[in-house]
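Chemist: My questions all concern the structure below.
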Amino acid sequence: INTKGQQLLKRKRLGLNLSQYDLATLSELSQTTLSHYELGKQHAEREPLRRVCERLEIDFYSFISAYTKPYKYRNVLLPDSVTPELAQFIGYFIGDGTLEKDRITFFEQRKSVAKAYSRLFGSYFRLRPSFAYRAAKNYYQLRFTSRPLVRLLLNEFPEAKKTFDSEVPLAIFRSPPRVVAAFLRGYFDAEGFVHPHHSIGIGSANKTLIQQVQLLLLRFSILSSFNEYDNRRNPYSKRPIYKLQFSDKESLLNFKKFIGLTSKEKMRKLSRLL
């Protein structure tokens, strides 16, 4: 935060008749941290600074543009082609991610998978993702803060929307097998399951997406069944659920050989199943 930004924070706080302690409490910060923001003694993380701006009725993005410069994310690396790593990231995003103006967030119940994705894509994009456990909802939150990365997804992969209208991006369909395999690994990491006695499967309320995934699996000689299930008893959604499952040994072997899963637990289940 530059000097003018520091002065603006203090001026706004005093104008609202708030002490540093009051504002820090409202913003879920320590008073020392807020004092260091105003004195220029400490770099500000985006999320805490956003809360401070919100409490001071300052437009966060205007403040970022006019009164700050980046110190952590300036070296973000964006690929210029559809690599397996990028394809896996997109697959996982379609299955388990959300998109905001300057960040991409994933919600994962398995700590090992969340940690693996944090390491893999933190290194790949040269970002330092935030990682936190949300006890109230029993999941791990993985967040990549980078507006250029968000723009990349929006501009180059517009089909990767959310929930009921996402589709497999055309760029994935046009990619070679190793890229398609990585995309499928990411999507199955997010939405797939390994039944301990008979099959691998995946389910979604998005019929088009599930049918497209079924086509992609055929590239690897994985033959899956497509079924629709009544979801009327679900208190949160009455939309039907569409599932793919495959249980013949050749398909299971091909999935293990060409696609695989990030979860070691699921891979052990698959090995026992085979």
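Chemist: Sort through N254, N234 and tell me the only one that's farther than 15 Å from E191 by Cβ, of a type in the set (S, T, N, Q) and at pLDDT below 95. Lay out the reasoning, then the answer.
Modeler: Numbers: N254 fails: at pLDDT below 95.
After ruling out the rest, the residue left standing is N234.
Chemist: Among the candidates L49, L16, L56, single out the residue that is over 28 Å from the mean Cα position of the chain (by Cα) and either under 22 Å from R103 (Cβ atoms) or of a type in the set (G, A, S) (or both).
Modeler: Numbers: L49 fails: over 28 Å from the mean Cα position of the chain (by Cα); L16 fails: either under 22 Å from R103 (Cβ atoms) or of a type in the set (G, A, S) (or both).
Being over 28 Å from the mean Cα position of the chain (by Cα) and either under 22 Å from R103 (Cβ atoms) or of a type in the set (G, A, S) (or both) holds for just one of L49, L16, L56, which is L56.
Chemist: Scan the stretch 64-87 and give yes if some residue there is under 24 Å from Q20 (Cα atoms) and surrounded by 17 or more Cβ atoms within 10 Å (Cβ to Cβ), otherwise no.
Modeler: yes
Chemist: Only one of these is without any contact (Cβ under 8 Å) to a residue 12 or more places away in the chain and either under 22 Å from I94 (Cα atoms) or not in a helix (DSSP H, G or I) (or both): L215, L244, L184. Name it. Steps first, please.
Modeler: On the way: L244 fails: without any contact (Cβ under 8 Å) to a residue 12 or more places away in the chain; L184 fails: without any contact (Cβ under 8 Å) to a residue 12 or more places away in the chain.
After ruling out the rest, the residue left standing is L215.
Chemist: How about the stretch 64-85: which of its residues are in a loop (DSSP other than H, G, I, E, B) and not aliphatic (A, V, I, L, M)?
Modeler: At the first step, the residues of the stretch 64-85 found to be in a loop (DSSP other than H, G, I, E, B) are 68-83.
Residues satisfying the conditions are T68, K69, P70, Y71, K72, Y73, R74, N75, P79, D80, S81, T83.
Chemist: Out of the stretch 62-104, which residues are of a type in the set (F, W, Y) and closer than 29 Å to A171 by Cβ?
Modeler: From the stretch 62-104, those of a type in the set (F, W, Y) are 63, 67, 71, 73, 89, 92-93; that's our starting set.
Scanning the stretch 62-104 gives Y73, F89, Y92, F93.
Chemist: If you don't mind, there's one more thing I want to ask. Could you please find all residues in the stretch 42-63 being open to solvent by 40 Å² or more (accessible area, probe 1.4 Å), on the phi < 0 side of the Ramachandran plot and not in a helix (DSSP H, G or I)?
Modeler: Looking only at the stretch 42-63, we keep the residues that are open to solvent by 40 Å² or more (accessible area, probe 1.4 Å), and these are 42-43, 45-47, 50-51, 54-55, 57, 59, 61-62.
Among the residues that remain, those that are also on the phi < 0 side of the Ramachandran plot are: 42-43, 45-47, 50-51, 54-55, 59, 61-62.
If the condition is that a residue be open to solvent by 40 Å² or more (accessible area, probe 1.4 Å), on the phi < 0 side of the Ramachandran plot and not in a helix (DSSP H, G or I), then Q42, H43, E45, D59 are the ones that fit.
Chemist: When you check A205 against the structure, is it open to solvent by less than 40 Å² (accessible area, probe 1.4 Å), closer than 23 Å to E156 by Cα and either in contact (Cβ under 8 Å) with a residue 24 or more places away in the chain or of a type in the set (K, R) (or both), yes or no?
Modeler: Values: open to solvent by less than 40 Å² (accessible area, probe 1.4 Å): yes; closer than 23 Å to E156 by Cα: no; either in contact (Cβ under 8 Å) with a residue 24 or more places away in the chain or of a type in the set (K, R) (or both): yes.
Taking the combined requirement at face value, the residue does not satisfy it.
Chemist: Could you tell me how many of the residues in the stretch 157-169 are surrounded by fewer than 18 Cβ atoms within 10 Å (Cβ to Cβ) and in contact (Cβ under 8 Å) with a residue 60 or more places away in the chain?
Modeler: Looking only at that region, the number is 2.
Chemist: Among the residues of the stretch 102-130, count how many are in contact with an Asp or Glu (Cβ under 8 Å, 6 or more places away or on another chain), open to solvent by less than 10 Å² (accessible area, probe 1.4 Å) and not in a helix (DSSP H, G or I).
Modeler: We begin by selecting, within the stretch 102-130, every residue in contact with an Asp or Glu (Cβ under 8 Å, 6 or more places away or on another chain); these are 106-108, 110, 112-114, 117, 120-121, 124, 130.
Subsequent filtering for residues that are open to solvent by less than 10 Å² (accessible area, probe 1.4 Å) retains 106, 108, 113-114, 117, 121.
Those left that are additionally not in a helix (DSSP H, G or I): 106, 108.
Within the stretch 102-130, residues that are in contact with an Asp or Glu (Cβ under 8 Å, 6 or more places away or on another chain), open to solvent by less than 10 Å² (accessible area, probe 1.4 Å) and not in a helix (DSSP H, G or I) number 2.
Chemist: In the list I90, I172, I104, which residue meets the criterion of being over 13 Å from the mean Cα position of the chain (by Cα), touching a residue at least 12 places away in the same chain (Cβ under 8 Å) and within 30 Å of R219 (Cα to Cα)? Step through it out loud before you land on a result.
Modeler: Values: I90 fails: over 13 Å from the mean Cα position of the chain (by Cα); I104 fails: over 13 Å from the mean Cα position of the chain (by Cα).
Within the list I90, I172, I104, the selection yields I172.
Chemist: Answer yes or no as to whether L154 is open to solvent by 70 Å² or more (accessible area, probe 1.4 Å), hydrophobic (A, V, I, L, M, F, W, C), touching a residue at least 12 places away in the same chain (Cβ under 8 Å) and out of contact with any Lys or Arg (no Cβ under 9 Å at 6 or more places or on another chain).
Modeler: Details: open to solvent by 70 Å² or more (accessible area, probe 1.4 Å): yes; hydrophobic (A, V, I, L, M, F, W, C): yes; touching a residue at least 12 places away in the same chain (Cβ under 8 Å): yes; out of contact with any Lys or Arg (no Cβ under 9 Å at 6 or more places or on another chain): yes.
Criteria met by L154.
Chemist: Looking at L8, L26, L34, can you tell me which residue is of a type in the set (A, V, I, L, M), touching a residue at least 12 places away in the same chain (Cβ under 8 Å) and open to solvent by 70 Å² or more (accessible area, probe 1.4 Å)? Lay out the reasoning, then the answer.
Modeler: Numbers: L8 fails: open to solvent by 70 Å² or more (accessible area, probe 1.4 Å); L34 fails: open to solvent by 70 Å² or more (accessible area, probe 1.4 Å).
When all the criteria are applied, what remains is L26.
Chemist: Looking at the stretch 131-152 only, could you name the residues that are in contact with a strand residue (DSSP E or B) (Cβ under 7 Å, 6 or more places away or on another chain) and assigned to a helix (DSSP H, G or I)?
Modeler: Hits for the stretch 131-152 are L149, V150.
The values are calculated or read from the model by the stated rules, or taken from the named source; none is laboratory data. Everything numeric here is computed off the predicted structure, so don't read it as measured data. Every residue, glycine among them, receives a Cβ derived from its backbone with ideal geometry; neighbour counts consider all protein chains shown. Note: areas computed on protein heavy atoms with side chains; ligands, DNA, RNA excluded. Shrake-Rupley method; radii C 1.70, N 1.55, O 1.52, S 1.80 Å.
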